[in-house]
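For reference, the structure discussed in these notes is given below.
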Amino acid sequence: QVQLVESGGGLVQAGGSLRLSCVASRRAFIAMAWFRQAPGKERDFVAAISWSGDGQYYNDSVKGRFTISRDNAKNTMYLQMNSLKPEDTAVYFCAARAGLPRASSVDYASWGQGTQVTVSS
């Protein structure tokens, strides 16, 4: 399995922006994704990206506000989050799997430790 480390979380006011990063421990032909989990709630799919970067998939709740991307030369995936809302507050996790991107957390074998994103109103 590949090791994943997220960074970039923090506290931001509503309407603001943050960029999350997820660095993989090695080069691998993997699909990657972002999930988030708010207190007392299940871990929800946010966005996923294929190995090539050509395939990008989003939860409807973040479409038009969040952009997922990756730089395979740096073994890094990003999540640019704009127009943040208080309901975006959660711990954000990156995940990786062999094969095509999926929207279900059970399909991912590798996970990062999470980074907290807090959006104040």
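The values are calculated or read from the model by the stated rules, or taken from the named source; none is laboratory data. The structure presented is a predicted model; accordingly, all values stated were derived computationally and were not measured. Positions of Cβ are backbone-derived with ideal geometry, glycine not excepted, and every protein chain shown enters the neighbour counts. Note: areas computed on protein heavy atoms with side chains; ligands, DNA, RNA excluded. Shrake-Rupley method; radii C 1.70, N 1.55, O 1.52, S 1.80 Å.
Could you give P(r) for segment 29-106, binned at 10 Å from zero, as whole percent values over all Cα-Cα pairs?
In order of increasing distance, the bins hold 19, 54, 24, 2 percent.
Rank V62, V12, V106 by mean-square fluctuation in a GNM of the chain with C-alpha springs under 10 angstrom and give only the top-ranked residue.
Ranking V62, V12, V106 by mean-square fluctuation puts V106 first.
For the chain, set up a GNM with springs between Cα atoms under 10 Å and report which of A14, A90, A48 has the largest fluctuation.
Looking only at A14, A90, A48, the biggest GNM fluctuation is shown by A14.
So, for segment 40-121, what is the accessible surface per residue at a probe of 1.4 Å, expressed in square angstrom? All intermediate terms of the calculation are to be shown ahead of the outcome.
Details: 4090 Å² over 82 residues.
Per-residue value: 50 Å².
Enumerate the whole-percent occupancy of each 10 Å bin, from 0 to the last occupied one, for all C-alpha pair distances of segment 49-92.
Final binned percentages: 24, 51, 24, 1.
Highest GNM mean-square fluctuation, the chain, Cα pairs closer than 10 Å: which of Q13, Q37, Q56?
Among Q13, Q37, Q56, the largest GNM mean-square fluctuation belongs to Q13.
Could you point to the residue in P39, A24, Y78 farthest towards the positive end of the chain's charge dipole, with +1 and -1 charges on the Cβ of Lys/Arg and Asp/Glu respectively?
The Cα lying farthest towards the positive end belongs to A24.
Which of the lysines could be linked to K85 by a straight reach, that is with a Cα gap under 29 Å, when you skip same-chain ones fewer than 8 residues away?
Once the sequence-local lysines are set aside, what remains near K85 is K41, K63.
Measure out, as a whole number of angstrom, how far apart the alpha-carbon centroids of segment 1-52 and segment 71-121 sit.
One Cα centre to the other: 2 Å.
In whole percent, how big is the carbon plus sulfur part of the accessible area of the chain, probe 1.4 Å, protein atoms only?
Exposed carbon and sulfur together represent 48 percent of the surface.
Not counting ligands, DNA or RNA, and with a 1.4 Å probe, what is D44's accessible surface area in Å² rounded to the nearest 10?
70 Å²
Loop-only check: which trypsin sites (Lys or Arg not before Pro) in segment 1-99 are DSSP coil with at most 11 other Cβ within 10 angstrom?
Details: sites: R19, R26, R27, R36, K41, R43, K63, R65, R70, K74, R97; in loops: R26, R27, K41, K63, R65.
Within segment 1-99, the qualifying trypsin sites (Lys or Arg not before Pro) (loop, at most 11 other Cβ atoms within 10 Å) are R26, R27, K41, K63.
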